[in-house]
1. Looking only at the stretch 215-232, decide whether some residue is modelled with pLDDT of 85 or more, away from the ligand (no atom under 16 Å from the Cβ) and of a type in the set (S, T, N, Q).
2. Among the residues of the stretch 449-459, how many are outside any loop (DSSP other than H, G, I, E, B) and at pLDDT below 90?
3. Taking the stretch 284-320 as the region of interest, how many residues are without any contact (Cβ under 8 Å) to a residue 24 or more places away in the chain and either among the hydrophobic types (A, V, I, L, M, F, W, C) or in a strand (DSSP E or B) (or both)?
4. For the stretch 392-416, name all the residues that are β-branched (Val, Ile, Thr) and either within 11 Å of the ligand (Cβ to nearest atom) or at positive phi (or both).
5. Which condition number does residue 183 fail, the rest of (1) surrounded by fewer than 11 Cβ atoms within 10 Å (Cβ to Cβ); (2) outside any loop (DSSP other than H, G, I, E, B) being met?
6. If a residue must be within 15 Å of the ligand (Cβ to nearest atom) and on the phi > 0 side of the Ramachandran plot, how many such residues does the stretch 368-391 contain?
7. Of the numbered conditions (1) surrounded by fewer than 18 Cβ atoms within 10 Å (Cβ to Cβ); (2) in contact with a Phe, Trp or Tyr (Cβ under 9 Å, 6 or more places away or on another chain); (3) farther than 22 Å from residue 398 by Cβ; (4) modelled with pLDDT of 90 or more, residue 283 satisfies every one except a single condition; which is it?
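The values are calculated or read from the model by the stated rules, or taken from the named source; none is laboratory data. Keep in mind the model is a prediction, meaning the values are calculated, not measured. Quick reminder, even Gly has a Cβ in these numbers, built from the backbone with ideal geometry, and neighbours come from all protein chains shown.
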Amino acid sequence: MVLLLLPAGVCAHVGSPDTFFEGNAGPYRLFVTVRMPEAIPGVAEVEIRSESSDITGIRILPLQLTGAGSQYEPKPEPMEQSIRDSQFFSGRIWLMAFHALQLRVEVEGTRGEGMLAVPLMAEAQRTLRMDKQLGSLLFAFMIFLAASLVLILRVALGEARLEPGVTSDSGSGTKLRWVTGVGVLLVVAILYLGNTWWNAEANSYSRGVMKPPVLRAFVDPAGRLSLLAPEGQSPARAGPPGSDAWLTWPEVLKNLRPDHGHLMHLFLVRLPAWDYFCHLHPETDPQGFFSQSLPILPSGRYQMFADVVTETGLAITMMGRLDLPEVSGAPLRGDDSTATAPPNPATAGTQTVSALQDGRMKWERDPGSLRARTALRLRFQVEDREGKPVLDLEPYMGMAGHLIVLRSDGTVFAHVHPAGSVAMASLELAEKSLGSTMQDMASMHQEPLSSEVAFPYGFPQPGDYRLFVQVKRKNQIQTGIFDTHVEP
Ligand SMILES: [Cu+2]
């Protein structure tokens, strides 16, 4: 356990492992941040900020998102209320297995009780290395224990059997040599078996370490893009955690849940300047392959990010590269959209306004610089040509807005919604397991949307980022683009 908790450096994944969520637990509005551990089993740090000051206690528990495990709730743990700030709560939960999980939040306050479920993807991000000093120390202990065992055998079968007062026995030299020989063999065999077991465990763990699966893509002369499943096995498992029922990628891609109306959200961004952006929704053919006719696209090399959610609620982002000639392309359909942007200057500073087709989008930034690993509400206001907040935003794929966060080197990619960084299909499963439905959300969309769209998120590491904020107005998908620098 101590080894698993050793501090570690930067994280991999598609770079953004922490979960940020904003939602209602009954009458209480909460902002939930879950800092995921790098290794599983591991401890996730949970921070909850309440909008109101009438909460008396919060309890949390981890639970499987789907399957039999989602029925058996462990005992919830109380969160600690901050002394200085009574609206801030912190706590920790153990994540024991690779699985799509949920964090249950139970709130008590003067307005009664409330519940909330936040999906969590328990993925190992990397294998932690053992510290050199600790390794040498443990190695020394091993040698000491091995030598001691041989010595104990020697004494137990040799000197311990002599009559009192007798110091040696005729023929005891040969016998002792035999005992020592067998003892050494025994110890070596134990060490060998132990090492084999350790390696087998380490191998099975490293298979579960989440590496963004590599998507392969082909484009035919007519501009139709076909995606091939990544190779190898996926960490999406068919069986319960701990069982070895791994699925192959083609199996995973045949068992997906629609996520805000689509089985796949595919983002293409032109390298290296991030100056062309596409949000597409390929569909499956009867063989289970995803394909779609590309829109008009300038030539170049594109980075692909494809978001899918499995039936068990596991959210997966696949990555790939695509070299394209100029594509004359099909007209955009449905929820598909494209946007052009100036080349990413990577020295962004504080860009706060982005022009839209008929108006502009303003990033309502708090003064001061952005810091990595800080939970934020990123707020964007949509204004018309006269600079007045617009009142005619329409839901785009069921939500007020979609935010895509990209780090300038492509190591961070996040697809965020007003509810947070969780996949909407996973959230649906979490709410279903709570017994409630997405009806609350659906009814929310009947009301006119505000001119401001807010996204709970925290930048995982310092660097230059480009944000693509997508909203829908006058039946047109509009994309605001912002560059920013994030300090350590
Ligand atoms: Cu979205």
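1. Checked against the condition, which is being modelled with pLDDT of 85 or more, away from the ligand (no atom under 16 Å from the Cβ) and of a type in the set (S, T, N, Q), the stretch 215-232 yields at least one hit.
2. 0
3. 0
4. Passing the criteria: 404, 416.
5. (1)
6. 0
7. So the condition that residue 283 fails would be (3).
Yes/no matrix, rows are residues, columns are (1) surrounded by 12 or more Cβ atoms within 10 Å (Cβ to Cβ); (2) part of a helix (DSSP H, G or I):
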{"residue": "133", "(1), (2)": "no, yes"}
{"residue": "151", "(1), (2)": "yes, yes"}
{"residue": "164", "(1), (2)": "no, no"}
{"residue": "193", "(1), (2)": "no, yes"}
{"residue": "217", "(1), (2)": "yes, no"}
